2 protein chains.
Amino acid sequence: MRSSSSSSAHASAKHDHTKCISAALDTAEQLCVVRGVQLTPIRLQVLKLIWESHQAVKAYELLDRLKPLKQEAKPATVYRALDFLIEQGLIHRIESLNAFIGCHYSGQQHEQLLLICKECHEVEERSAPAVMDALSSEIDQAGFIAHSKAIEIHGICAKCSKETDAQG
Amino acid sequence: MRSSSSSSAHASAKHDHTKCISAALDTAEQLCVVRGVQLTPIRLQVLKLIWESHQAVKAYELLDRLKPLKQEAKPATVYRALDFLIEQGLIHRIESLNAFIGCHYSGQQHEQLLLICKECHEVEERSAPAVMDALSSEIDQAGFIAHSKAIEIHGICAKCSKETDAQG
DNA sequence: ATCGAATATGTTATATTATCACAACTTTGT
DNA sequence: ACAAAGTTGTGATAATATAACATATTCGAT
């Protein structure tokens, strides 16, 4: 059992998640039009499923949730949609979890700090310019040419550590 | 085919890799003694195999290389050894590659910047204190409690980008 | 409107990565 | 010598991801 359903409940209470979803989908549609790429029904559906929460979600979980809506869905169906969404910067792949999360900064610079809570599995995305600047200069010093700069931090988020305090 | 064998050749030319290996193994043995944990023959052998190069190596590659030396070797044999070596901070797991690399800073603080070359697959480890400091304060600002702070950067290393220049 | 190219999807099979469960063996402390 | 803890052997299987090829759809040029 995961503690996440209850933990994410208060998170949802704190913000209007329907706005998160509609903002993300609007941005996605606009970006795809501008770029001349197809946000097909499958891709849109997968994006919606990912945005159902702020928790990282696994490919086969998405497949299970997609099947009722699309009976022919197979692993490739999901992985292709995920590949597209990642290419377009609409979602992040969390390497350390083999999981996926909607991106809050689609269309902007796409190098963020991901704070991944072990307790509620929610992921907070921060642009963290100070960190990214320090990182860039460290990389330059090494003579390295970076193609991607994702940072994944695992730990306990503010909400969950407060809860633990209260209970402890 | 991988371009790595030739690329890593000049890397090896640049340093005495037998020293890398013996230093790593010495440190490992000492740390395990101090900590009262067992660096068994299997674990030591896997550590040696990982240290054969500065390239990230996959679990099943290790298994293939281990089998000639240990015919009973199975996936669990390798994964158990890897789990142990990671727990003891003797190797890093590179999440974005599902691969493993020897740690240069075993026994010291264990949060580093990993620069992973797409060309030669070598991994450079840097302690990058400026980045880590900026990261810590960003994490603090978020009210997050970090348990791990690994940063994996993919790109082209200094050596390989010079080679490309020369050839291009 | 229709043709061809490019793109997207359907479908089956399989590759890759990782863990579980339980028995047997080894090491350590008493 | 014995028990407890730790390690390894072994077989099965779970979880994650891709390959290959056929079919269908979309889009632009004629």
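Of all residues in the range B:130-154, count the ones that are at the interface with another protein chain (Cβ under 9 Å from one of its Cβ atoms) and either modelled with pLDDT under 95 or more than 19 Å from residue A:139 (Cβ to Cβ) (or both). Count: 12. Within the range A:39-52, the residues that satisfy the criterion of being in a helix (DSSP H, G or I), more than 14 Å from the chain's Cα centre (by Cα) and surrounded by 14 or more Cβ atoms within 10 Å (Cβ to Cβ) are A:42, A:43, A:44, A:45. In the condition set (1) touching a residue at least 12 places away in the same chain (Cβ under 8 Å); (2) within 30 Å of residue A:135 (Cβ to Cβ), residue B:60 is compliant with all but (2). Scanning the range B:71-92 for residues that are within 14 Å of DNA strand D (Cβ to nearest atom) and either in contact (Cβ under 8 Å) with a residue 40 or more places away in the chain or touching a helix residue (DSSP H, G or I) at 6+ places or on another chain (Cβ under 7 Å) (or both) yields a count of 11.
Please verify whether residue B:67 is without any contact (Cβ under 8 Å) to a residue 60 or more places away in the chain, away from every other protein chain (no Cβ under 11 Å) and over 24 Å from residue B:32 (Cα atoms), treating the condition exactly as stated. Here the answer is yes, as residue B:67 does meet what is asked.
The values are calculated or read from the model by the stated rules, or taken from the named source; none is laboratory data. All of these numbers come straight from a predicted model, not from anything done at the bench. Positions of Cβ are backbone-derived with ideal geometry, glycine not excepted, and every protein chain shown enters the neighbour counts.
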